[in-house]
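Right, one structure below, let's go through it.
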Amino acid sequence: VDGLAFLGVTVDDSDTHVVKRVIGVGGDRVTCCDARGRIVVNDVALNETGVYLSDSEAPSDIAFDVIVPENHYFVLGDRRSSSGDSRFYLPEEKAFVSKDDVVGTAFVVTLPVSRMGPLGDQHAVFDEVPDRTDTSGGGWW
């Protein structure tokens with residue numbers, strides 16, 4: 001593992017890096033949950049199950065309704081039942097990750113070896129989410 005970290009293939013365990021999924025960006029309203037138990041971003045429910053959430057993972061077992069501050073992110077783990085993500089720190093400001101604290105984008109799973117492989121592009125989950133400044137139904141990014 002140390003050799004893979006040295007090569008930049010895995011994260012150096014001596015630091016406090018974590019991998020989380022960006023669910024909301026500055027200005028977005030993120031809530032949990034709609035009548036079907038889905039996370040809602042800017043009034044659009046996300047269909048995450050079967051994409052990056054397993055069928056056995058609920059999108060959230062914690063209710064919340066937040067507006068993400070500018071230059072920050074609201075992040076959730078893919079293993080929501082055991083993730084120390086933004087929900088863990090609510091209602092404090094620590095729930096939002098500063099853009100300055102982000103060091104990169106995950107693109108591959110290296111461990112465990114049984115899950116090794118590239119991370120697919122799952123932006124389609126957010127295709128219907130309007131940009132916080134565009135109420136016409138624009139894209140996520």
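Observations
- Accessible area of segment 20-103 belonging to carbon and sulfur atoms, whole % at 1.4 Å probe: 47
- In the context of the full set of protein chains, segment 17-77 has a per residue accessible area of 49 Å² (1.4 Å probe).
- Residue by residue, segment 76-92 carries 3J(HN,Hα) couplings of 9, x, 6, 9, 4, 5, 9, 9, x, 9, 4, 4, 4, 9, 5, x, 6 Hz when phi is fed to the Karplus relation 6.51 cos²θ - 1.76 cosθ + 1.60 (θ = phi - 60°); x denotes Gly or Pro.
- Base-10 log of normalised Debye intensity for segment 88-129 (one unit scatterer per alpha-carbon) at q = 0.21 Å⁻¹: -0.95
- Where Rh is the Kirkwood radius over Cα pairs, Rg/Rh for segment 20-103: 0.93
The values are calculated or read from the model by the stated rules, or taken from the named source; none is laboratory data. Since this is a predicted model, take the numbers as computed values, not measurements. Ligands, DNA and RNA are stripped out before the accessible areas are found, and what is left, the full protein with its side chains, is counted by its heavy atoms. Shrake-Rupley method; radii C 1.70, N 1.55, O 1.52, S 1.80 Å.
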